Structure formats: structure tokens, C-alpha cells
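The values are calculated or read from the model by the stated rules, or taken from the named source; none is laboratory data. Since we're looking at a predicted model, the values are computed, not measured. Cβ: placed from backbone, ideal geometry, glycine included. Neighbour counts: every protein chain shown.
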Amino acid sequence: MGRVVAFSRALHSAGVDVNSGNLIDLCQSFRFIDIGRRGDFYAAARATLVSRFDDLETFDRVFHAFWSSPVRTLEMEVAEDEDDQSLDVSDQLDEPVETATEEDEDADGEGDSDEIGYSSEEVLMRKDLAAMNDKEIEKARQVIAQIVDIIANRRSRRREPQKRGVEIDFRRTWRKNALYGRDGVALARRRRRIKKTKLMLLCDVSGSMDCYSQFLIQFIYALKREIRDVEVGVFSTRMTPISRLLRNKSVEESLREVADTVHDWAGGTDIGGCLREFNDRFAREMLKARTVMIIVSDGWDRGDADLMRREMERLRRRVHKLMWLNPLLGSPGYQPLCLGMKTALPYLDHFMAAHNLESLVQLAKTLRSVWR
């Protein structure tokens, strides 16, 4: 409750006329809403704490700044980027409100503070993956878990019954109450079905990618644990499927086993030859009609450009969308001038950076639009 009071103070400092009566109304509304749902809390606070139309914009700005941090707002960032008008507001604001316990407030020393400061985690979100230390990597794993959750649990347009769903299922309600005539009051509810994704990831583990590949493998590992229908391969001078190595092990064990299995790790690069091997040996089993293929590579290639062009064309015909993540794309002034990258570009649906956590958030946004 201390955080709610601090939030009202922040609004007052920003010029919104909030008094104790407004705050009491908000607290009383908690009996009728699910405070664990961000959308419910947002609507209740907006209705009880704002009394002038001119203050709505200020309220929204302070609300998102006060209750958010780079770690907590990933799902909201993704939802805000969507322009599908059929989506429910409750789905867009589905993030649970972050409420702090008294112990948390005492530990942080900020229980009574209404300051909205610059979070150190914003620096983490923008920091290059290759420059992270062990402590930052551990924090980054927590962010990755949330990004993966966004990717793994996209909402289908279809609905399914649920006892505590946010929508009323009128068809089932009428059927359920037909025996009771006008006295029927039992409401059937539903929610949008979770739609699992189909992904194929190919990660470059050549020498030029060495500073990024281990971290990106951790991201892929998290994806594989959350999404059953994900296939993973790594390549350098040859293609090696590693999906089975990412099952039922810790990320450290998986990385060690992958490094032991992939004998050309940190070697040269033959992207065209590896894609031919994939198309010839593995594509029929690993790819489906609606698969989104993601290639993670800096595009530096020592192989035959004509071979790579032919294999990229074959691959593009097999998949729903073809995406390429390049860590170098996040560097200032980068241009895709190397031969491998220039050869691949005409066949790509999306060409994106993969150098920090913000770029992985952008990947989540793009995947949601791809699967819409």
C-alpha cells in the first residue's frame, strides 16, 4: 500500500489534483478488481485519481514511469507496438502490477520515496552483449526469460472457456442458463487461447561471432525450454542440429555439451555450404509450412556466393518468414557490405540487430506482428 501512496504523491507533484478522498476511493476499489492485473489497476486508478480531462495525459505519463522499469515493461512495450484493433485492452495491459512488500521497501531504502529516477537496468538493456560481465549476464537472463515468455505465449484470435476469464462467453451463458428461464444468473467466461509458435533458429558460431554466440545460445536455450516446437542448429563450416542437447539440462551443461559436439566452433565460415547441408539433410524434418526461420550471423562468409544465393532461395521457398539477426547491425555506421550479407539481403523478410537486450525486445515485437 505504501507504493500506492507514493504513486499518488508522484501524481500530485506532476500537477494532478489528488487528495486523500481520491486515494480512499482507489483503495476501496481493490475489493472489486484483481489488483494483480495491470489493466484493472490502471483503469481503477485513472477513474478514481483523475478528476479533470486535462490531467489524463499527465496521469498516463506518470503511471508508466512510476510502475515500470525495463524489466517489468517488456510485455507492455510489445502490446503498444501492435495496431490490431481487434485486440482487447485487457490483453494489452496484462502485466501484473509490481507491488512491493514492506520488507522490499526497507531493503531498498525507497519505501517512502516518490522519486522517478533513471534505472540502472536501462543501461543494462542498451549494453552490448559482448561487454557484459558475469553479474550483468545473470540479470540479463531474467530479462530474457520475460522476452521468451512474450514470444512463447502469444494470444490466438480464438477463444477458450476459462472460469476466471476476462470476457463473458454469451453463447455458453445462454445455453447454461436455459433451464432456469429468466432467473438464470450463472456467467460463462472465456479468454483468448495461448497459441504456441513454430520457430527454426540457425546460429553462427564461427570465430567472428564468438563474442556473441554463447550469449545468443543462452537466449535460444530459453526459447527451447518454453516453446516445444522449436528446432535449433548451429553452423560454422558445417551444420550441426543441437535441439536434443538443449533438453532437460541447465544452460551451463547445455553450453558445454554443445561446445563438445560442435567441432568447428569458432572456426571459419561457409554459410552457403551449411545452408545446402541444412536444405538437403534437415529441412524436410525440421521445417513446416508456417515456420519462421531465424538466422543469427554477422554475414562474414568465405564460401561461394553463388552457392549461398541458390540455397537462400531454396530456404525462402520452404518457410513462412525468413529473418536475419546481425549483432553488427547495432554498431554506429554499420552497412551490410560484406559479400555474405549482401547475398542474403534480397531473400529476407526482416533484417534486425541482435547486440543487446533492447534488440531482443524488438525481436519479440516483430515476431508478434509476423504471427498475427
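Structure above, values below:
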| read-out | value |
| --- | --- |
| Qualifying residues in the stretch 255-305 (those that are among the hydroxyl-bearing types (Ser, Thr, Tyr) and buried (at least 19 other Cβ atoms within 10 Å of the Cβ)) - the one modelled with the highest pLDDT | Ser297 |
| Within the stretch 1-44, considering residues that are farther than 19 Å from Glu57 by Cβ and acidic (Asp, Glu), the one farthest from the chain's Cα centre (by Cα) | Asp25 |
| Residues of the stretch 333-358 satisfying the condition of being part of a helix (DSSP H, G or I), in contact with a Leu (Cβ under 8 Å, 6 or more places away or on another chain) and of a type outside the set (Phe, Trp, Tyr) | Leu357 |
| Selection from the stretch 28-64 of residues that are at pLDDT 85 or above, part of a helix (DSSP H, G or I) and of a type in the set (A, V, I, L, M, F, W, C) | Phe41, Ala43, Ala44, Ala45, Ala47, Leu49, Leu56, Phe59, Val62, Phe63 |
| Residue within the stretch 318-332 that is part of a helix (DSSP H, G or I), surrounded by fewer than 17 Cβ atoms within 10 Å (Cβ to Cβ) and of a type outside the set (Phe, Trp, Tyr) present | no |
| Within the stretch 246-270, tally of residues that are assigned to a helix (DSSP H, G or I) and either more than 28 Å from the chain's Cα centre (by Cα) or outside the structural domain of Glu285 (by TED's automatic domain parsing) (or both) | 2 |
| Filter result for Leu363 (in a helix (DSSP H, G or I) and out of contact with any Asp or Glu (no Cβ under 8 Å at 6 or more places or on another chain)) | yes |
| Index of the failed condition, Met308 passing every other in (1) out of contact with any Leu (no Cβ under 7 Å at 6 or more places or on another chain); (2) buried (at least 20 other Cβ atoms within 10 Å of the Cβ); (3) modelled with pLDDT of 90 or more | (1) |
| Single unsatisfied condition, Gly207 versus (1) in contact (Cβ under 8 Å) with a residue 60 or more places away in the chain; (2) touching a helix residue (DSSP H, G or I) at 6+ places or on another chain (Cβ under 9 Å) | (2) |
| Hits in the stretch 226-245 (condition: among the hydroxyl-bearing types (Ser, Thr, Tyr) and either over 18 Å from Asp301 (Cα atoms) or not assigned by TED's automatic domain parsing to the domain that holds Cys274 (or both)) | Ser243 |
| Those residues of the stretch 233-242 which are surrounded by fewer than 19 Cβ atoms within 10 Å (Cβ to Cβ) and either of a type in the set (Asp, Glu) or free of Cβ contacts under 8 Å to residues at least 40 places away in the same chain (or both), in sequence order | Thr237, Arg238 |
| Subset of the stretch 215-232 [assigned to a strand (DSSP E or B) and either over 19 Å from Pro327 (Cα atoms) or in contact (Cβ under 8 Å) with a residue 60 or more places away in the chain (or both)] | Val230, Glu231 |
